[in-house]
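Below is one structure, written out as structure tokens; the observations come after it.
Read-outs: derived from the displayed coordinates by stated rules, not from any lab. Here the structure is a predicted model, which means the values were calculated and not measured. Neighbour counts are summed over all protein chains in view; Cβ atoms, including those assigned to glycine, are modelled from backbone coordinates with ideal geometry.
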Amino acid sequence: MPEKIDWKQELLDSAKFNKKQENLLKNGTKSLTDNWLLGALYIRWKKLKGIREQPSPDCSSSFQEWNKKIEDADLCQS
């Protein structure tokens, strides 16, 4: 089982914050905007630790590509 990381405490130990940020890291959120700010602090911690997420694969395609695949499938069935 992987070790649980207390990223909030690590971030508090690594830098100085204003009172609002420090309060969020210690006591949690109470509103949607608090959640946004806490998310930004989490991203800040990940940057400090050098953690990078793998980019999502590009699954987009155009209608022309899709239509060509359908037409090719229809030709194969004929």
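Annotations
- The alpha-carbon of K30 sits under 17 angstrom from the alpha-carbons of these aspartates and glutamates, leaving out residues fewer than 8 places away in its chain: E22.
- The slack between E10 and K30, meaning 0.36 nm per residue of separation minus the straight C-alpha distance, is 5.0 nm.
- Among (1) 13, 25, 22, 19, 12, 7, 3, 0; (2) 18, 54, 25, 2; (3) 14, 30, 18, 10, 13, 12, 3, 0, the entry derived from the coordinates for P(r) over Cα pairs in 10 Å bins from 0, in percent: (3)
- With Cα atoms, 0 to 90° folded angle of helix 63-77 axis to the chain main axis: 40
- Net charge of Cβ neighbours under 15 Å - reference N27; Lys, Arg +1; Asp, Glu -1: +2
- Additional length obtainable on full extension of the chain from K46 to K19, 0.36 nm per residue less Cα span: 7.6 nm
- Loop-located trypsin sites (Lys or Arg not before Pro) in the range 1-74 whose Cβ has at most 12 other Cβ within 10 Å (DSSP): K4, K16, K30, R52
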